[in-house]
Structures are given as C-alpha cells and as structure tokens.
Amino acid sequence: MMKNIKKICVVWESIEQGGVNSYLRDLILSNNFKSSDITIFTNRNNLGINYLKQDLAKRKKIKIKNYLSFFTLNDELRILKILIQLISPIFFIYKIFKFKRLFKNKKFDFLIAQCGNYGTVRSEQAAIIAARLSGIRVTTLVIHHECRKPPIFTRLINYLINQILKKYITSVICVSKATMKSLKIRSNLLTNSKFEKSVIHNGIPITNLPKKNYLKNIIKINKKDINICMLSRITPNKGQNDLIESFSKLEWKIQKKIKIYLIGNGKKFYKLELKKKIHNLKLEKKIFIFDYINLDSSKIISSFDLFISLTKDYEGFGLSIAEAMNVKTPIIATNVGAVNEFFNNNCGRLIEPNNSQQLKNSLKDFVNNKEKWFKKAEFAKKTINKNFSDYVMSKNYFNHFAKHFKK
C-alpha cells in the first residue's frame with residue numbers, strides 16, 4: 001500500500017525559475033503526498049528553489065539540501081560548459097559517489113529525478129544509479145521538456161550512460177506525449193528497455209478566482225482598455241518580439257483600444273533591445289515591460305482580458321496556458337510541443353509559430369468579437385477542471401508509484 005511509503009527523495013537540477021516549480025509545488029502539496037517526508041536535493045545555483053521554498057513554507061516534513069553541480073552553468077560560461085561536457089564522464093562518476101553519500105542511511109522509499117531537457121550527461125542520471133546502489137527500490141525519471149541531441153563529441157558517452165541507466169531505472173514519466181515522442185526519436189534510453197514508460201500530464205490547482213485586478217498596487221490597469229499580457233521568461237524563443245511586430249501592423253482604430261504588458265525575467269540586454277524597438281515604433285504608451293512579479297501567476301493572468309503565449313519552438317506542457325484556462329482568461333497560443341494536447345480552437349485561438357498574419361488577425365478578432373472569446377474561455381475552464389487538475393495529476397502519480405512499490 002502507498003501508505004507505507006513515507007520517505008520520498010526528489011533530485012532537481014535547474015538554473016532558472018520555471019514550470020517545474022509549479023509542478024513540484026502542486027504535486028507535493030496534494031492530499032496524496034501530504035503525509036510523506038520529502039527531501040529535495042538541488043544544485044546551489046538553482047534560482048527556482050527560492051520560489052519553491054516560499055510556496056512550501058507551511059508544509060511540514062520537507063527538507064531542502066543543496067549541492068554543487070558542474071552541469072548547470074549559465075550560458076555566458078559557454079567555453080567552460082563545453083570543457084565540462086568533454087570531461088563529463090569524470091564528473092558523472094564523481095556525482096554517483098556524491099549522491100551515494102547524500103542518500104546514506106536516509107532509507108528513502110523512492111526517488112523522483114526531475115529532468116528538463118534530457119539528452120546530455122546529467123546529475124539526475126547519476127542520482128538514479130546511486131539510489132539503486134543505496135537500496136532505494138523505486139527510481140523514476142520525470143522529463144519535462146524536449147529531448148535534445150547531445151553534442152557530437154559526447155554522443156558515445158551519452159549512449160553508454162543510457163545503456164547503464166536501463167538496468168537501474170524503474171520507470172520514466174513524460175509530462176506530455178510530445179516529450180515522450182522526442183525521447184523516442186533522439187535518445188536510446190527507451191530502445192529495448194523493460195521499465196515502464198508513462199505519460200502523466202501536468203495539472204494545476206482548480207480555483208474559482210474572481211475576475212479583478214490583483215495588480216492594482218503594482219500596475220495601473222485601466223478597465224476601459226483591452227489589457228493583454230504575456231507571462232513568461234522574456235527571451236527570443238518566447239515570442240515577445242513577434243507580438244510587438246504584429247501589434248505595430250494593426251490599424252490605429254484597433255491599436256488605440258489595446259495595451260500590452262510583457263511580464264517576466266530575462267536578460268537585460270534583450271529587454272533593452274525590445275524597449276528600443278518599442279521606442280522606434282512609437283509604442284511606449286501601448287506596450288510595457290515588467291520584471292518578474294512575486295504574485296501567484298493565476299492572479300496575474302486573471303487581471304487581464306487576454307493572455308498570449310507565443311513560444312516559437314517547443315513547450316513541454318504549457319502551464320501558463322492551463323492557468324489561463326482555469327481562470328477563464330481568453331487565450332491566443334502557438335501550436336508547439338504539447339500545447340495541442342490540452343488546448344485547441346474550442347478553448348481559444350491556436351496559431352502557428354512565427355505567423356504574424358494569424359496573430360494580427362487573432363488580435364483584431366478578439367477586439368471585435370469579445371463575447372465569442374469569453375464563451376470559449378468558459379469551455380476551456382471545463383476542459384481543465386475535468387482532465388488537467390492537480391488532483392488528477394497527483395492521483396496518477398500516486399497510482400504509478402504505488403504499483404511499483406508493491407512489486
């Protein structure tokens with residue numbers, strides 16, 4: 001029985017705050033895991049752990065342990081990252097022994113290794129091997145994003161690590177069918193493997209949040225305007241530039257009704273680049289850029305009339321889109337990765353990435369036909385409630401682990 005599983009070990013490596021924060025919060029705070037002792041091992045330079053600590057502050061029986069990782073360096077240190085990849089086998093062996101020491105005498109019932117972009121040599125792989133060598137019976141790898149092809153000079157070592165990992169892993173969970181597909185195509189981890197492979201979609205807390213401006217002390221939002229937001233990291237692949245470009249091409253009678261708010265962390269130089277473009281297009285009174293706002297993301301999204309997600313390349317799931325569906329905020333989203341597994345044109349407007357004409361037409365249609373969009377938002381809420389809640393997600397994880405623990 002699952003009730004006998006008292007001690008859970010989570011290994012999570014990351015650099016930036018993102019969707020894994022929300023996923024871990026919702027899983028750990030769910031009723032199914034409320035009685036478990038949980039220890040989270042994470043790298044010292046994980047910026048996301050600070051936000052997770054805030055979310056879990058009232059939850060008892062949670063410990064967070066930090067360790068040094070050589071696999072999570074900032075992009076600015078690219079030459080050093082390449083060097084570390086070249087000598088990654090040495091670091092990998094070191095991490096196995098490091099995790100063995102961390103797990104010693106802890107008597108964990110099972111390990112959940114959280115992985116972003118699988119494909120390179122990672123600490124989560126070492127943690128799984130160390131866990132089984134330490135007597136942890138159940139080891140699960142959870143993959144959140146697209147699997148990437150490793151650099152040419154490390155492909156052989158990645159292949160060999162995957163071959164070894166197959167002997168130690170209990171199961172692999174992907175948060176979407178798209179993620180599972182990328183893993184099958186770009187990695188040998190699943191080839192001729194005997195462990196279980198499952199897709200368990202992410203879920204969000206279902207709330208009935210009143211529609212109002214939760215940002216009144218942070219952003220002055222005029223209710224007479226049509227207020228639009230993008231809530232994501234401000235980076236080239238997230239599409240903020242596409243929104244600025246498409247908005248600039250709208251006729252003035254549409255433009256004058258809209259104000260756009262770009263909210264999120266990002267590199268200073270890229271934010272300055274966007275601000276310069278806004279200035280050159282004379283849109284300073286229409287488009288505004290804000291840093292990360294320390295407020296529940298659902299409340300931020302609920303404060304606006306329209307939510308836009310314009311990721312250009314891939315979404316492992318798309319939690320912010322799901323949150324917008326939950327608070328009944330109309331949505332425009334690009335059809336990338338796993339987005340179409342839970343969002344479609346019945347829920348809002350699904351457009352192709354890098355398609356400025358579709359984006360421009362969608363903005364225009366929202367301004368002219370808001371009632372139609374609000375009806376779609378109502379349908380989107382029902383879709384999330386039924387199939388993609390935190391309750392559904394945690395129950396699926398609960399059943400998954402219970403099945404393997406009983407073996």
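The values are calculated or read from the model by the stated rules, or taken from the named source; none is laboratory data. Source: prediction; values computed, not measured. Please note: Cβ atoms are built from the backbone with ideal geometry, for glycine as well, and neighbour counts cover all protein chains shown. Just the protein is used for accessible areas: all its heavy atoms, side chains included, with ligands, DNA and RNA removed. Shrake-Rupley method; radii C 1.70, N 1.55, O 1.52, S 1.80 Å.
What residue, among those in the range 92-111 that are charged (D, E, K, R) and over 15 Å from residue 42 (Cβ atoms), is least open to solvent (accessible area, probe 1.4 Å)?
Per the criteria, the residue is 109.
Can you confirm whether the range 168-175 contains a residue that is closer than 24 Å to residue 313 by Cα and either of a type outside the set (A, V, I, L, M, F, W, C) or over 20 Å from the mean Cα position of the chain (by Cα) (or both)?
The answer is no, given that none of the residues of the range 168-175 is closer than 24 Å to residue 313 by Cα and either of a type outside the set (A, V, I, L, M, F, W, C) or over 20 Å from the mean Cα position of the chain (by Cα) (or both).
Return the residue satisfying two criteria in turn: it lies in the range 256-267 and is at pLDDT 95 or above and either β-branched (Val, Ile, Thr) or not in a strand (DSSP E or B) (or both), and of such residues it is nearest to residue 294 (Cα to Cα).
Within the range 256-267, the match that is nearest to residue 294 (Cα to Cα) is 263.
When the residues of the range 175-207 are filtered to those that are β-branched (Val, Ile, Thr) and assigned to a helix (DSSP H, G or I), which remaining residue is nearest to residue 141 (Cα to Cα)?
Ranking the qualifying residues of the range 175-207, first place goes to 179.
Yes or no: the range 198-205 includes at least one residue that is in contact with a Lys or Arg (Cβ under 7 Å, 6 or more places away or on another chain), open to solvent by 40 Å² or more (accessible area, probe 1.4 Å) and under 25 Å from residue 401 (Cβ atoms).
The answer is yes, given that some residue of the range 198-205 is in contact with a Lys or Arg (Cβ under 7 Å, 6 or more places away or on another chain), open to solvent by 40 Å² or more (accessible area, probe 1.4 Å) and under 25 Å from residue 401 (Cβ atoms).
When residue 7 is evaluated against the numbered criteria (1) surrounded by fewer than 19 Cβ atoms within 10 Å (Cβ to Cβ); (2) within 19 Å of the chain's Cα centre (by Cα), which criterion, by number, is the only one it fails?
So the condition that residue 7 fails would be (2).
Here is a yes/no grid of residues against (1) open to solvent by 20 Å² or more (accessible area, probe 1.4 Å); (2) part of a strand (DSSP E or B):
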site: 229; (1), (2): no, yes
site: 241; (1), (2): yes, no
site: 277; (1), (2): yes, no
site: 285; (1), (2): yes, no
site: 288; (1), (2): yes, yes
site: 299; (1), (2): yes, no
site: 321; (1), (2): no, no
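Select from the range 130-143 the residues that are open to solvent by less than 10 Å² (accessible area, probe 1.4 Å) and not in a strand (DSSP E or B) and list them in ascending order.
130, 131, 136
Mind checking which pairs have a first residue in the range 256-279 that is touching a residue at least 12 places away in the same chain (Cβ under 8 Å) and under 18 Å from residue 17 (Cα atoms) and a second that is in a helix (DSSP H, G or I) and of a type in the set (A, V, I, L, M, F, W, C), Cβ under 7 Å, 6 or more apart or different chains?
Going by the 7 Å Cβ cut-off, the qualifying pairs are 263/300.
Among the residues that make up the range 88-102, is at least one of them assigned to a helix (DSSP H, G or I), under 27 Å from the mean Cα position of the chain (by Cα) and modelled with pLDDT under 80?
yes
When you scan the range 151-174, how many residues do you find that are outside any strand (DSSP E or B), of a type in the set (Val, Ile, Thr) and either out of contact with any helix residue (DSSP H, G or I) (no Cβ under 9 Å at 6 or more places or on another chain) or crowded, with 17+ Cβ neighbours inside 10 Å (or both)?
Going through the range 151-174 one residue at a time, the tally reaches 6.
Residue 253 - would you say it is open to solvent by 10 Å² or more (accessible area, probe 1.4 Å), in a loop (DSSP other than H, G, I, E, B) and among the charged types (D, E, K, R)?
No.
Quick one: is residue 282 in contact with a Lys or Arg (Cβ under 6 Å, 6 or more places away or on another chain) and not aliphatic (A, V, I, L, M)?
Answer is no for this residue.
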